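The values are calculated or read from the model by the stated rules, or taken from the named source; none is laboratory data. Note that the structure is a prediction, hence the values are computed from the model and not measured. As a convention, Cβ positions derive from the backbone with ideal geometry for all residues, glycine included, and neighbour counts pool all protein chains shown. What goes into the accessible areas is simple: the full protein's heavy atoms, side chains included, and nothing from ligands, DNA or RNA. Shrake-Rupley method; radii C 1.70, N 1.55, O 1.52, S 1.80 Å.
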Amino acid sequence: MKVQPITLDIIREMRHVLSESAGYAVSLEDEIEYFDPNAAKSWYFLREPDGQIQSFIRSFTQNAEWSLAEIYVSPHSQNRRHITSSLLDNFKSAISFPIGHRLRFDISSYDLELNEVLAEEGFSEKRQTFLFFERKLDGSIQQLNYDTISAADSKNISEVLSHLHPVLEDEAQKWILSKTIRGVRCEGKIVAAAQIYESDDALEVNRFATHEHFLRRGFAKKLMEQIFHESSGLQKTKVYLKVEDTRLPAISFYKSLGFREIQDKRQTWHSRWY
Ligand SMILES: CC(C)(COP(=O)(O)OP(=O)(O)OC[C@H]1O[C@@H](n2cnc3c(N)ncnc32)[C@H](O)[C@@H]1OP(=O)(O)O)[C@@H](O)C(=O)NCCC(=O)NCCS
């Protein structure tokens, strides 16, 4: 079995394994769009003896500070530890990050083999556990009025989302232009905001926050109900998200809106600083 670089043609062949890794049906169009030919040299795959692609590694640069990497080795593969090490070796020799750059892998908390290999490779410096929550949509969602968001809201959106993690105004503007931001207003000002992504059968809530001066007034609930409504309109079957296990208010909030944790999708995030 030989580790080989991922090309655009290979991405087209990889849809099943990308979906298995993500836990939902990924959109092939999006996957092709994410494929950055300049970054491709650090993207690798491996074929099983039957010709099927069952494992891969890749990374996405988020900004100058950090990159998100993905490694997947089918639970049915023989010798998963060896495959994981081979993928990591090729990846590490093909890519170099600036000093201080953070590389993060998201690994199932229950995947002991992958967790062990990453620990051996020095990825144990920061560990966080993320819970995967899912809300099935049953079509009984009522008609709602949406607040429209424009580029003029960038500063406001960056302030609201920074309650979760720091977001620059430029980033907020880019997301507004790509139509991935949703929000609700109070007296004209955005007080709760979300960033969402669409896949074939689901909507992912990637960022979600209420401005700290507007908590417990039902704004997050209103926003999430808008997201449910939009998802139903797009014929999606579920809305899902990941949340750090330490974010207790958010966990209570999601449960109050009918989200359920899918326990076997719990992930431990391993980071390593260069
Ligand atoms: C989670 C968060 C978005 C909730 O926003 P909010 O606007 O205050 O939520 P709502 O007022 O709509 O609350 C709706 C329900 O959620 C639950 N809830 C919300 N905050 C809660 C808290 N701190 N403790 C317990 N339950 C809570 C309650 O059931 C609440 O209903 P109630 O007020 O009638 O009891 C907000 O706390 C926040 O921005 N947190 C920081 C960012 C974050 O962690 N985001 C999630 C990342 S994945």
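Separation of region 1-70 and region 142-195 by C-alpha centroid, Å?
Centre-to-centre (Cα) distance: 31 Å.
Helix-only mean residue ellipticity at 222 nm, the chain, DSSP H runs n ≥ 4 weighted -39,500 (n - 2.57), per residue, nearest 500. What is it?
-9000 deg cm²/dmol
Taking K and R as +1 and D and E as -1, what net charge do the other residues with C-beta under 11 Å from the C-beta of Phe97 add up to?
Value of the local net charge: +2.
Can you give me the long-range amide H partners of Ser162? Hydrogens built in the peptide plane at 1.01 Å from N, cutoff under 5 Å, separation of 5 or more residues or another chain.
HN-HN under 5 Å from Ser162: Val167.
Looking at the square roots a ≥ b ≥ c of the eigenvalues of the Cα gyration tensor of region 130-274, which shape do they give, rounded for a/c under 1.5, prolate if a/b is larger than b/c, or oblate?
Taking the square roots of the gyration eigenvalues as a ≥ b ≥ c, region 130-274 is rounded.
How much accessible area per residue does the chain have, in Å², with a 1.4 Å probe?
52 Å²
In a shell of Cβ-Cβ distance under 14 Å around Phe133, excluding Phe133 itself, what net charge do Lys and Arg (+1) and Asp and Glu (-1) give?
Result for the local shell: +3.
Of all chymotrypsin sites (Phe, Trp or Tyr not before Pro) in region 1-94, which ones are in loop regions per DSSP and have a Cβ with at most 13 other Cβ atoms within 10 Å?
Passing both the DSSP loop test and the Cβ count: no residue.
Going by accessible area, probe 1.4 Å, with all protein chains left in place, what is the ranking of Thr237, Thr148, largest first?
Thr148, Thr237
Using only the Cα atoms of the chain, build the gyration tensor, take square roots of its eigenvalues as a ≥ b ≥ c, and label the shape rounded, prolate or oblate: rounded if a/c is under 1.5, else prolate if a/b is larger than b/c, else oblate.
prolate
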